[in-house]
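Novice: Take a look at this one; I'll ask things after.
The values are calculated or read from the model by the stated rules, or taken from the named source; none is laboratory data. Note that the structure is predicted; figures quoted are calculated from it, not measured. Every residue, glycine among them, receives a Cβ derived from its backbone with ideal geometry; neighbour counts consider all protein chains shown. Ligands, DNA and RNA are excluded from the accessible area calculation, which covers all protein heavy atoms including side chains. Shrake-Rupley method; radii C 1.70, N 1.55, O 1.52, S 1.80 Å.
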Amino acid sequence: MTTPRSTLPRPFRRRTATVATLAVAALLAAVPATSATARDRAPDAPQALAAPDIPLANVKAHLTQFQSIATANGGNRAHGRPGYKASLDYVRAKLDAAGFTTTVQQFTSSGATGYNLIADWPGGDPNQVLMAGAHLDSVSSGPGINDNGSGSAAVLETALAVSRAQLQPTKHLRFAWWGAEELGLVGSKYYVNSLATGDRSRIAGYINLDMVGSPNPGYFVYDDDPAIEKVFKDWYAGIGVPTEIETEGDGRSDHASFKNAGIPVGGLFTGASRTKTAAQATKWGGTAGQAFDRCYHSSCDTTTNINDTALDRNSDALAHAVWTLGTTTSTPPGSTYENTTDVAVPDNGAAVTSTVSVTDRAGNAPATLQVGVDIKHTWRGDLVVDLLAPDGTAYRLKNSSSSDSADNVIATYTVNASAEPANGAWRLRVQDVAAQDTGYIDSWKLTF
Ligand code: DTR
Ligand code: CA
Ligand code: ZN
Ligand code: ZN
């Protein structure tokens with residue numbers, strides 16, 4: 001059940017260039033941003049790609065509010081407890097005042113009502129929704145200021161910066177604060193599962209921030225969607241801070257709910273209970289042999305359990321990603337992947353295959369995947385032709401025919417491959433099932 005102040009954007013068909021847009025965004029990240037910020041430009045001028053600085057003081061002010069809320073509500077902000085809903089009401093009030101369209105999504109978990117907060121920034125292409133989110137709930141044993149007030153505050157302040165800049169992004173921007181993450185990603189799973197299939201495919205990417213101010217911080221970037229990962233790694237490289245790939249997190253925060261639905265994800269993390277190594281202390285500072293966050297899931301996870309530099313850097317990194325990925329121009333439709341190597345087809349024999357590897361896309365293949373085939377073969381009725389998805393699923397393109405005596409199969413087939421991840425080794429399989437007449441695969445290609 002939802003209690004919308006306004007509804008989420010109406011359904012539109014997805015543009016197939018969406019996933020390619022993220023790749024372009026990553027390239028744009030390398031382009032030195034112009035010095036002007038969005039606020040320096042007339043409203044109708046093209047937006048600068050340079051994000052504004054996110055004021056650390058503003059982010060910390062939200063943490064102070066979360067701390068006060070926990071203190072006034074039994075010491076926590078956990079699912080099902082008053083401190084959680086009070087946290088949500090605080091965040092929502094800020095967003096409403098800043099011009100966002102907010103929606104509260106209710107669900108039930110462990111016998112208690114849970115709440116997700118969704119905030120849409122009006123405008124942008126509803127076919128390309130860029131999301132950034134954080135879980136707002138704490139564990140019941142403490143106020144959860146680093147886990148995950150830090151992510152919640154960084155996402156909130158980035159959203160408020162979008163409003164201050166009156167950003168007019170290419171993509172539609174949506175920000176989210178999840179309930180009941182600590183119970184098993186419950187709120188974000190509920191959100192993704194509640195999306196109609198078409199709505200899911202409109203989400204170009206989801207960026208997750210969960211623990212981004214750890215007191216003994218590491219700088220970890222999720223190694224999921226290549227375009228999102230590159231935006232973050234390039235930004236950190238730009239300030240001279242080395243990053244590591246986040247390896248602890250697969251499935252351990254809300255990005256997993258989106259990744260499991262085939263949506264490109266990325267994110268930032270400063271570490272939890274794992275111990276910082278000597279090598280990490282050398283490159284990042286801090287204390288080797290000590291946990292990144294000694295107060296993980298503990299009552300001492302208070303406003304004193306924050307490293308300001310880490311919180312500031314990750315807030316600025318998120319803003320950079322939202323501006324970069326959110327304000328990219330649309331890309332030319334389609335991307336083609338081709339194999340032109342000849343493959344002989346044995347007469348009345350075993351099937352042969354030819355492979356096309358797709359590596360730079362994210363999300364699933366489209367419902368209108370184009371399969372261009374060029375097979376030189378007399379009496380083409382001998383041939384059975386299939387497309388094999390990376391997981392081996394076969395899509396029949398052409399059946400054999402005892403009456404089709406024409407030569408060559410030169411055709412383009414449209415396949416609904418929306419159930420298949422785009423990346424992987426796609427194969428064309430050809431078999432000659434009747435004696436006499438021979439030929440070969442001349443070339444074939446996939447167009448997304
Ligand atoms: N599961 C998160 C904390 C967490 C632990 N490892 C990772 C890796 C990436 C993101 C988050 C986490 C929590 O306790 O909320
Ligand atoms: Ca900053
Ligand atoms: Zn936690
Ligand atoms: Zn967390």
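Novice: Can you confirm whether the stretch 189-210 contains a residue that is over 16 Å from the mean Cα position of the chain (by Cα) and within 13 Å of ligand 3 (Cβ to nearest atom)?
Specialist: No - not one qualifying residue is present in the stretch 189-210.
For (1) crowded, with 22+ Cβ neighbours inside 10 Å; (2) more than 16 Å from ligand 1 (Cβ to nearest atom), each residue gets a yes or a no:
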position	(1), (2)
145	yes, no
151	yes, no
164	no, yes
196	no, yes
211	yes, no
224	yes, no
248	no, no
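Novice: I'd like to know if the stretch 360-375 contains one or more residues that are basic (Lys, Arg), on the phi < 0 side of the Ramachandran plot and free of Cβ contacts under 8 Å to residues at least 24 places away in the same chain.
Specialist: No, the conditions are met nowhere in the stretch 360-375.
Novice: Every residue in the stretch 392-420 that is under 18 Å from residue 445 (Cα atoms) and among the acidic types (Asp, Glu), please.
Specialist: Within the stretch 392-420, 420 is the sole residue that qualifies.
Novice: From (1) farther than 24 Å from residue 179 by Cβ; (2) within 14 Å of the chain's Cα centre (by Cα); (3) touching a residue at least 60 places away in the same chain (Cβ under 8 Å), pick out the condition that doesn't hold for residue 239.
Specialist: So the condition that residue 239 fails would be (2).
Novice: Can you find, within the stretch 344-373, the residue that is farthest from residue 205 (Cα to Cα) among those that are open to solvent by 30 Å² or more (accessible area, probe 1.4 Å) and touching a Ser or Thr at 6+ places or on another chain (Cβ under 6 Å)?
Specialist: Filtering first and then ranking leaves 347.
Novice: Please go through the stretch 173-194 and give me each residue that is open to solvent by 10 Å² or more (accessible area, probe 1.4 Å) and either basic (Lys, Arg) or in contact with a Phe, Trp or Tyr (Cβ under 9 Å, 6 or more places away or on another chain) (or both), ordered by number. Even if it seems obvious, please write down each step before you answer.
Specialist: So in the stretch 173-194, the residues open to solvent by 10 Å² or more (accessible area, probe 1.4 Å) come out as 174, 181-186, 189-190, 193-194.
Result: 174, 185, 186, 189, 190, 194.
Novice: Which of the residues spanning the stretch 104-143 are closer than 21 Å to residue 266 by Cβ, crowded, with 24+ Cβ neighbours inside 10 Å and either modelled with pLDDT under 95 or of a type in the set (S, T, N, Q) (or both)?
Specialist: Of everything in the stretch 104-143, those that are closer than 21 Å to residue 266 by Cβ, crowded, with 24+ Cβ neighbours inside 10 Å and either modelled with pLDDT under 95 or of a type in the set (S, T, N, Q) (or both) turn out to be 116, 128.
Novice: Take residue 276 and decide whether it is open to solvent by less than 20 Å² (accessible area, probe 1.4 Å) and either more than 16 Å from ligand 3 (Cβ to nearest atom) or in contact with a strand residue (DSSP E or B) (Cβ under 7 Å, 6 or more places away or on another chain) (or both).
Specialist: yes
Novice: Which one is nearest to ligand 3 (Cβ to nearest atom) among residues in the stretch 140-159 that are of a type in the set (A, V, I, L, M, F, W, C) and closer than 16 Å to residue 303 by Cα?
Specialist: Applying the filter and picking the extreme gives 145.
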